[in-house]
1. Given the alpha-carbon gyration tensor of region 387-480, what are the semi-axes of its equivalent ellipsoid in whole angstrom, ordered largest first, with each equal to the square root of 5 times an eigenvalue?
2. Which cross-chain or sequence-distant (5 or more) residues have an amide H under 5 Å from the amide H of Gln272, H modelled 1.01 Å from N in plane?
3. Compare the peptides 361-368, 178-185, 377-384 by average per-residue count of other Cβ atoms within 10 angstrom and give them in order, highest first.
4. Which order do peptides 129-137, 423-431, 502-510 fall in by mean Cβ count within 10 Å, highest first?
5. If we count other beta carbons within 10 Å of each Cβ, what is the order of Cys469, Cys108, Cys163, fewest first?
6. Find the all-direction average of the projected area of the Cα convex hull for region 116-174, expressing the result in square nanometres with one decimal place.
7. Report, to the nearest 10°, how far helix 2-11 tilts away from the longest principal axis of the Cα atoms in the chain, using its own Cα long axis and a range of 0 to 90°.
8. Have a look at Leu466, Ala264, Pro54 and report the one farthest towards the positive end of the charge dipole of the chain, computed about the Cα centre with Cβ charges (Lys/Arg +1, Asp/Glu -1).
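Quick note: the coordinates plus some simple rules give every number you see, no bench work behind them. Quick caveat: nothing in here was measured; it's all calculated off a predicted structure. Note that we place each Cβ from the backbone using ideal geometry, even for glycine, and neighbour counts take in every protein chain shown.
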Amino acid sequence: MKRASLLLLSSGLLPLSLIAQPVDIGTRRELFVEDSLIESISGGARLRLHEPTPREIVIEHDAPWEGTGSGYHSLFQDGDLYRMYYKAWHIEVKDGRANTQSHPLFCCYAESDDGIHWRKPELGLVEFEGSKANNIVLAPESFGEVMSDPGHPAVFKDENPSCPPEARYKAIIRAEKPHGLLLFQSPDGFRWSLAHPEPVIDEGAFDSQNLAFYDPNLDAYRAYWRIFTGGRTDAEAWKPDGIRAIRTAVSKDLVNWEPHRDLAYVDSPDEQLYTNGVKPYHRAPHLLLGFPVRYVERGWSESMRALPEIEHREERAKASKPSERYGTALTEGLFMASRDGVLFKRWNETFLRPGPEREGTWNYGHQYPAWHLVETKGTLEGGPNELSLYATESYWTGRSSLLRRHTLRLDGFVSVSAPLSGGELVTKPIIFSGKELALNFASSAAGDIRVEIQDEKGTPLPGFALADCPPLFGDSVERKVSWEGGADLSALAGKAVRLRFVLRDANLYAYRFREAD
């Protein structure tokens, strides 16, 4: 019944008598990345998923201790510094074999002052071929036999107010023996120690980027990791007889976890999901955004043979016989969002497509998004900041892999979009705090947006009807809405209301109530 109700809610078909109690959004910024606050969409309006814009290559993993298999980037802003941690590995395919023994898997570090220009500092921590002049943070031998795979890292800064200084940075790293996820801690992001002697989670496949983070909404930690739906057979092995999927759990201390739950989706089919990329969105932390990778085995066809680097593709296929999946599987980035961390709206259309055919693209390992996005200076001089998302290219090709930056408008994942002929969206009943309503929107010169505030039953409130709202046009990440009587909504704060957005040739990305600017 719960799943069916959600589908009816998203289509606006659920009777008013069954609608849940008004949701208190306070002054939160609300996006349209999932539809739990949407009552109806009509006219020409629709929810539109937006694709990021490709920008420059920010890092080439071409150092002797890096290589074509480098990836699984963890990326976050830490004060004025942007930090990045990633797997450093080299895979060379030749004569039908994939050689992965040129050097061990390392965890490496890079940093930036703006999120655009990155450097690999010489840390002097780990010796490689007789020298410590490298950016390696962790190596297989860093902690003896307990740690076997620093090449599957997920590093984060712990925002828990109760976190002690010596554990401010944390890392979740896969171990093979014993099988599971190990927890590491560091006071500075460079000097790491094992925080718990045994794996903190041991039921999973873990052959991906498995992660955890502090969720301020719960005052607890969440973890997301890779499973096969076929299930576990013993403490050290999983049967890959199902599909690649995602599991989650909650913990107060990152060691003792509540019962595990598999992610569910509102209207998405079963698909092979390689990673998850889940984390709270910094501009609306109550929303958990994920960037999983879709894995598709397409097999040999005329189209497959027309894709770039056919000779290398054939070599990769030989290295994975009998399935040949290394040569015929394709990957791309998806987008999903959730309020409870378990039930996600996963957009079935691709968020990060492989893009124009060129060397290093349209292959297995392409378009793995980094965990997570950050805010950076806008591309246009004088324009607002943007979101930067990073994804891999040239995986398993040449002598190095690449990391490309992509940009997106602030809050610009999904919009309510309407043509010039018009369309509208009505919210479910909400309760807000503050004095003003502000929109993140863009219109054409001829287009616009108007807002009507209704009571809980859908009747326009006096002074806030559609006819009282002068059209808003322009392109702003936060524009105040006014009515003929002004913009002050103090008298409506704390009461259940609905918002009716009427659009013409415009996109609405987000809205929030706020104190007066």
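1. 39, 16, 12
2. Tyr295
3. Values: 361-368: 24.1, 178-185: 20.8, 377-384: 10.9.
Ranking, from highest mean packing down: 361-368, 178-185, 377-384.
4. Values: 129-137: 16.3, 423-431: 20.6, 502-510: 24.3.
My ranking of the peptides, most packed first, is 502-510, 423-431, 129-137.
5. On the way: Cys469 20, Cys108 29, Cys163 15.
Ordered from fewest to most neighbouring Cβ atoms within 10 Å, Cys469, Cys108, Cys163 come out as Cys163, Cys469, Cys108.
6. On the way: hull surface 23.5 nm².
Mean projected area of the Cα convex hull: 5.9 nm².
7. 60
8. Looking along the dipole axis, the top candidate is Leu466.
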